[in-house]
Amino acid sequence: MLLGMIPIHNGAARKECKVVDCWNDNTYYLRMNAITNCPSRLLVIEDDPVLSADLGDYFRDRNHRVTLCRDGGEGLTLARDGDFDLVLLDILLPGLDGLALLARLRETSPVPVILLSALGDEQDRITGLVRGADDYLPKPFSMAELAVRVAAVLRRVALERGAGQRPRQGPLRLDGLALDLDTETARYRDRALDLTVTEFRLLRVFLEQSDQVLSKAFLYQTVLHRGYGRHDRSLDLHVSHLRRKLRAAGVPGQPLRTVWGQGYTLATEAAGAEPSAPGP
């Protein structure tokens, strides 16, 4: 699937998922090509000329400023000296491989890095994340998935930089679940949910993207604002606690489902209708 609205499957019906923008009081359809409202500065270090050009065209078409580089040594210099919001980094590079580049970059710069590599087994992903990557996407990948991952990292950067003041927002609703985005409280029908701050954020992401399978890497970036490590089970614990609280409140079925090898999803059987727009 290429770009466009994220499909939400509910039986034979296809719906569009509305998402609440964290930085203004509008709602917008979460397009795969919608990364942020403001252009970001991206550095792409990729030696494949075709993929490099495709990445440049893709993100420039979405109003980002993109610098392309095909050599590891030159890429390290650019990443250190340039004022970039995000680096997309291949591992198998001439001159200096991506992992060595990342290790040297982390000595002086916290710029976010997403690794792109044909080395896609679990140990390779773990190695990249432990070395300091913010996310890891195995090749081949879809531009749509990369766009979502880039958006997650850029949102985290915006949060850490304190980008603006959040205006008041109305509740986010999905069937019997209701989240008050101003007070960060949640209810299921007439029962209050006693959620921690992290559990609230986690439930918000699941409601905004119901029926989508959300990877652990995406959830770590979006909810916990960090990459995940080899022995980090904190996300699993937060999901387990949230799942138990939803069941205790009477949410039917299996509210949060584990999709083996992929991540977690909020199933429509628990959610029901599509999310409504925030109210006044």
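Every number here is computed from the coordinates shown, using simple stated rules; none is lab data. Just so it is clear, the model here is predicted, and its values are computed rather than measured. Positions of Cβ are backbone-derived with ideal geometry, glycine not excepted, and every protein chain shown enters the neighbour counts.
Details
- Gain in span if fully extended, R41 to V213, counting 0.36 nm per residue against the direct Cα distance: 59.1 nm
- Zone residues, the range 71-88, relative to R104, backbone N less than 20 Å from point 7 Å out along Cα-to-Cβ: 71-84, 86-88
- Leading residue at positive end of dipole, the range 167-271 (Cβ point charges), from S215, Y188, L174: S215
- The range 80-153 and the range 173-188 have Cα centres separated by 35 Å.
- In the distance distribution for the range 41-160, Cα-Cα pairs more than 26 Å apart total 9 percent.
- Label-to-label distance, nm, for residues given as E145 and D81 (7 Å Cα→Cβ offset): 3.6
- Relative to the Cα centre, the charge distribution of the range 167-271, modelled as +1 at Lys and Arg Cβ and -1 at Asp and Glu Cβ, gives a dipole magnitude of about 260 debye.
- Taking amide H atoms as placed 1.01 Å from N in the peptide plane, the amide H of K139 lies under 5 Å from those of S117, A118, L119, each 5 or more residues away in sequence or on another chain.
- Inter-site label distance for T67 and S234 at 7 Å from Cα along Cβ, in nm: 3.1
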